[in-house]
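Below is one structure, written out as structure tokens, with a few remarks after it.
All of the numbers you see were taken from the coordinates with simple rules; none came from a lab. Computed from a prediction, not measured in an experiment: that's the story for all the values here. Every residue, glycine among them, receives a Cβ derived from its backbone with ideal geometry; neighbour counts consider all protein chains shown.
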Amino acid sequence: MRGVTLQTACFALVIFLLIPVLNASAALVNGALARDFAPASGYIVETAGNQFIIDLDAKQQIAVGDIFSVVTPGAKIVHPVTKAVLGSLDTVKGFLQITGIKSGYSYCRQISSATALQKGDAIRRFQNVDAEFWDYTGQGEAYFTELQSLLPHLQWQGYASSQKGRPTTPTLPKGKSAALYFILTSQGLEVRSPDFELIHSYPAVAQSAMSAVTLAAVEESAVIKSVVPSGIGNYWTSPPLKGTPIGLEVGDFDGDGRQELAVAFEDRLEISRLVNGSYQQLGTVHFGNALRGHHLDGFDLKKNGRMQLFVSAITDSGNLSGLIIESQDGTYRVTRNKIAWHLRRITLPGDGAVLIAQKMGFQGRKFAGPLFRVKLVGTELVEGEPITVPPKVNLYDFAALPGKQHLFASLGEDGYLNIVTAEGQVLGSSVDKMGGNESCIEMRGDVQIGGESWLSYLPARVEVNAAGEIIVPVNSGFSVLSRAKMYSRSELKAMVWDGATLRDVWHSTPEKSYLADFRLADANNDGQTLLVTAVAYPDNNPFSPRRSALHVYRLP
Amino acid sequence: MKRSIIGAVVLGATVALAVPAMALDVTPYGTIRIGTWYTSNTHYDPATGASQKDSDFSLDLQGDSFVGMRVKEGDFSGLAELGAYNPKNRGAGVELRMLFGDWNFGEGKLRFGYLPSAYVFRSEQVFDADGGFNAYGSLFDGRYAQIKVSMNNGFYLALMKTSTGGFGTNSTSNSTGGWKAGGVFNNTATNYATTSVDYDTFIPKTVAGYEGASGFVKYGGGVAGNYYKVTDTTVTNLSADITSLMGYAHATIDLNPVELKFHLYGGQNLGDLMSNGAATTGSYYSGKKNSYTYGGFGQVGYTASDKVKVYTGVSYETSKNDNYIKDDNKMAAFANLQYSVTKNVKIVPEVSLLNDLDSSTGAKESRIYAGGVKWEMKF
């Protein structure tokens, strides 16, 4: 009897310990699916015999066996009330399948076409590809629903109709058109190509654990699928920029009534404007030697109708030495330096946007003392009254939620997004880690006594938009060493606090890049709020500057 | 049995996979440093005073090469570093460089561990394994167990392992001389040594100071004290209470892109305070007389670009004692260029001089001219 009790206890313990593993496994499977079937866009650049060459390679995480639809972009679908562009009526001309991947390009074979494919045709990975779900477990309908949500760009056949046409054992049915076959068995999930070649497989995950994983509700218009470099459509990207951005701002910097963009790097600030989809560079301001920027925010402190740009920076000696950069007489210049505070613009309920600051401490303390408002008295920046924030937050890691409850969204040092009261009580946390920032300060406090300097990474930007959604980047990627941190995958997530849990509302399409900063602003002066992101691409070459870019997305 | 092993592996894997859910933040890091130097040394024969010269090339791993790890969970954090000893002590194997834990209690930090003394303030000199004017105008004296409280307002207090002038050793061998003949009795000493010197220690070495800033000047200073009693049973009447007291101050003036650095110190029996052989010979209590040592350095740095910094500095130290025929003086100087090849790789060409000038007996002492490069890779 005693042995049975012990066995039961051990079994219960193992099950208890396995729960997080099963949940983690399900998340890993869904993560792998999302990665393997993530949208990617490009063009046919050449024909090579009976094959085609496309302008995508492994950098976009494409793999041999991937299927691309070849499309003719059609008319835009415009919402009659909001005028938002919801998508476009693309026409599918045919399908290609990757046969080989080279550096900078890949080979494809044509697997079907209605009309002749040619150089310059746009291609979209897995978009509009028919997908069948064959459930050999008899219990996979809930998982089918998850798959539909996870991979909305596939053209899914209904669950019932797919089961109706499902062969007794998984074999290629006769007379089928181009399709992907998702085959769920007790062994796991397989994905097979139209000619029934295995292209991906995933291990079995307990159904209960799988259904416990809550997937983000992806709103169709928030998932930007088309890449249109001319500035027309849902997505726009800038020409390549050099370096890793540390901050991004959008605002009217010169008082002309139009919005400009500012991207800060460690050593400089670049100002530009989007005009009819083209990128116009307006100026570059270098911070000077021995000074490294780590944060950027804009605020009209002078109340002159122009946003001044506040760059938080640190000298080689480890002193904060921020800058103000503004447009004067048609040029951008540093109008103030040696500001010994970390600086940030934040929106406070009841106050709107305010400029706040925090000092640096002694003996290796990155932040010290209360957060306070920054005031302009004459031409001097002075310390204003402190603001009430939860204990232990620092200048950069929180945002105030609207409402009278005085709640804050705060990125904890452990990487989770928390909802915190002003007294510091944590009411809820995100399921997954969020944030991730490559912007850092080199702490040299231990060097003088014979220790080493170390890189202290700043929290990622946390913002709350007008709808009360908490918006935060999610950067991920394998980087263990503190001096070699380089994120390789990113997305932007919007969460809401419903009083009990933090829920995903929408997220951007995951990208193979590091999301350095973001803004929600009318970046192209068309009256609509856009999502603007500054991203940097993975690059392990230490001798060349890292490549980065601005991306602009149209929001729902 | 096999089932048990499988079960253990499954449970182990389960726990391992569950670990990422914890809030523990672990960051490995490290630095590898190689020195390549041409040195020209001049020595003086102690008997005749005749000069002897020797020039050599050397390539070796610097003693400040190491791998380490930072861990953090909530208000608690820790650090551990393991590295190489300097070439002169390479046979000692792997060195524990630092090991400490911090508790951030809100108003300040409490640190337990093994780390350098709080009064250390180094220059950018890289010769002699990032010597930083060590023993020539800087106070680096190794790493010691200590309990340190540093407040957010800049004040700190450290209680450290008591120094016995660099000669105290663990007592781990059998003794025939009884308690009087023991060395320093430490936490793990269970036997007595067969030495003839008895060290008696009563209180920890204590360092109290302040680190602050005003505008673009960072400054700091403090006092340090140490006391022990030594008795040598082989020397008639050699019994002494040795009290060490020191005051120190330093400043860094950030005139971006120029940086100025100063360090000054002075006090009584600094050799006995500093616990290791890096201290100047003349700075020890000697001949039943206190020694008085004063020293410091000045350094100028300039950041020429985001990849290039140049530094130059000079240091001086003098030790006085009523028994000395002449003050024991030392000086050093250097100039280097720090070139960051990439974010992780730096090379530092440098010319350096270490000059021991004169000894307390009035004899000339050796000097070293060095030219070479430090090769550094951080990760």
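What is the fewest-to-most order of B:337, A:455, A:296 by other Cβ atoms lying within 10 Å of their Cβ?
On the way: B:337 15, A:455 18, A:296 29.
By the 10 Å Cβ count, ascending, the order reads B:337, A:455, A:296.
Could you work out the local net charge near residue B:77, counting Lys and Arg as +1, Asp and Glu as -1, over the other residues with Cβ closer than 11 Å to its Cβ?
Values: positive: B:70, B:72, B:109, B:111; negative: A:413, B:25, B:73, B:75, B:102.
Neighbourhood net charge equals -1.
Collect residues whose amide H, placed 1.01 Å from N in the peptide plane, falls under 5 Å from the amide H of residue A:439; neighbours closer than 5 in sequence don't count.
Those lying under 5 Å, H to H, from residue A:439 are A:458.
Cross-link candidates for residue B:109: which lysines have Cα within less than 19 Å, leaving aside residues fewer than 8 places away along the same chain?
Partners within reach: A:359, A:366, A:392, B:72, B:148.
Taking 0.36 nm per residue of sequence separation and subtracting the Cα-Cα distance, how much length would be gained by fully extending the chain between residue A:528 and residue A:466, in nm to one decimal? Mind dumping the intermediate values first?
Values: separation 62, 0.36 × 62 = 22.32 nm, distance 1.37 nm.
Extra length from residue A:528 to residue A:466 when fully extended: 20.9 nm.
Could you give each residue of segment A:245-251 its phi-based ³J(HN,Hα) in whole Hz, using Karplus coefficients 6.51, -1.76, 1.60 with θ = phi - 60°, and x for Gly or Pro?
x, 10, x, 9, 9, 10, x
In this model, which of A:338/B:343; A:485/B:378; A:433/A:493 are farther than 23 Å apart at the alpha-carbon?
A:338/B:343
What FRET efficiency do you get for residue B:104 and residue B:342 if R0 is 25 Å and r is their Cβ-Cβ distance, rounded to the nearest 0.05?
Working: r = 33 Å, r/R0 = 1.33.
In this case the efficiency is close to 0.15.
Quickly estimate the mean residue ellipticity at 222 nm for the protein assembly as shown, helices only: each DSSP H run with n ≥ 4 gives -39500 (n - 2.57), and the total goes over all residues, rounded to 500. Each step should come with its number before you reach the end.
Numbers: 7 runs with 82 residues, N = 935.
One gets -2500 deg cm²/dmol as the mean residue ellipticity at 222 nm.
How would you rank A:260-269, A:276-285, A:139-148, highest first, on the average number of other Cβ atoms within 10 Å across their residues?
Numbers: A:260-269: 23.8, A:276-285: 14.8, A:139-148: 17.1.
Most protected by this proxy first, the peptides run A:260-269, A:139-148, A:276-285.
Subtract the Cα-Cα distance of residue B:231 and residue B:262 from 0.36 nm times their separation in residues, and report this length gain in nm to one decimal. If you can, show how the numbers build up before the last one.
Values: separation 31, 0.36 × 31 = 11.16 nm, distance 3.85 nm.
Contour length minus Cα-Cα distance gives 7.3 nm.
Label-point separation (nm) for residue B:253 and residue A:432, each offset 7 Å from Cα along Cα-to-Cβ?
5.4 nm
Other chains near A:285-291: what is the mean number of their Cβ atoms within 10 Å of each residue's Cβ?
Values: counts 0, 1, 1, 4, 10, 13, 4.
Counting Cβ atoms of other protein chains within 10 Å of each residue's Cβ and averaging gives 5.
If I take R0 = 41 Å and measure r between the Cβ atoms of residue A:280 and residue B:58 in this structure, what FRET efficiency does the formula 1/(1 + (r/R0)^6) give, to the nearest 0.05?
Values: r = 57 Å, r/R0 = 1.40.
The computed FRET efficiency comes out at 0.10.
Taking amide H atoms as placed 1.01 Å from N in the peptide plane, list the residues 5 or more away in sequence, or in a different chain, whose amide H sits under 5 Å from that of residue B:95.
B:83, B:84, B:85
Could you pull out every residue, at least 5 positions away or on a different chain, whose amide H is within less than 5 Å of the one on residue A:338? Hs are placed 1.01 Å off N in the peptide plane, and Pro or chain starts have none.
Distant-sequence amide H within range of residue A:338: A:322.
Between residue A:500 and residue B:145, what's the calculated FRET efficiency when r is the beta-carbon distance and R0 is 45 Å? Round to 0.05. Please list the in-between numbers first.
Values: r = 49 Å, r/R0 = 1.09.
Result of the calculation: an efficiency of 0.35.
Once both labels are modelled 7 Å past Cα along the beta-carbon direction, what's the residue A:422-residue A:155 spacing in nm?
With each label placed 7 Å out from Cα toward Cβ, I get 5.6 nm.
Between helix A:2-36 and chain A, what is the angle of the helix's C-alpha long axis to the longest principal axis, kept within 0 to 90° and rounded to the nearest 10?
Once rounded, one gets 80 degrees.
Which distance in nm do the two modelled labels at residue B:300 and residue A:442 give, with both placed 7 Å along the Cα-to-Cβ direction?
Taking the two extended label points, one gets 2.2 nm.
Taking the Cα centre of the protein assembly as shown as the origin, how large is its charge dipole in debye, to the nearest 20, when only Lys and Arg (+1) and Asp and Glu (-1) carry charge on their Cβ atoms?
Numbers: 83 positive and 87 negative charges, 144 e Å.
That gives the protein assembly as shown a dipole magnitude of about 700 debye.
Which order results if A:444, A:35 are arranged by neighbouring Cβ count within 10 Å, fewest first? Please report the intermediate quantities before stating the final value.
Numbers: A:444 17, A:35 13.
Fewest to most other Cβ atoms nearby, the residues stand as A:35, A:444.
What is the helix-to-structure angle for A:141-150, meaning the angle in degrees between its Cα long axis and the longest Cα principal axis of chain A, kept from 0 to 90 and rounded to the nearest 10?
50 degrees
Contact order normalised by length for chain A, with contacts defined as Cα pairs under 8 Å and 6 or more residues apart; what percent is it? Show your work: numbers first, answer last.
Details: 1309 pairs, mean separation 57.8, N = 556.
Rounded, it is 10 percent for chain A.
Starting with the fewest neighbours, write out A:111, A:339 ranked by other beta-carbon atoms found within 10 Å of each beta-carbon.
Details: A:111 16, A:339 19.
Neighbour counts put them in this order, fewest first: A:111, A:339.
In straight Cα distance, which lysines are under 25 Å from residue B:330, not counting same-chain residues fewer than 8 positions off?
Excluding near neighbours in sequence, the set is B:53, B:88, B:261, B:288, B:289, B:320, B:364, B:374.
Given charges of +1 on the Cβ of Lys and Arg and -1 on the Cβ of Asp and Glu, with all other atoms neutral, how large is the dipole of chain A about its Cα centre, in debye to the nearest 20?
Working: 50 positive and 53 negative charges, 62 e Å.
Dipole magnitude for chain A comes out near 300 debye.
Taking 0.36 nm per residue of separation and subtracting the Cα-Cα distance, what length does fully extending residue A:50 through residue A:142 add? Mind dumping the intermediate values first?
Numbers: separation 92, 0.36 × 92 = 33.12 nm, distance 4.17 nm.
Net length gain for the segment: 29.0 nm.
Considering the options B:300, A:280, A:187, tell which one lies farthest towards the positive end of the dipole of the protein assembly as shown, charges being +1 on Lys and Arg and -1 on Asp and Glu at the Cβ, about the Cα centre.
A:187
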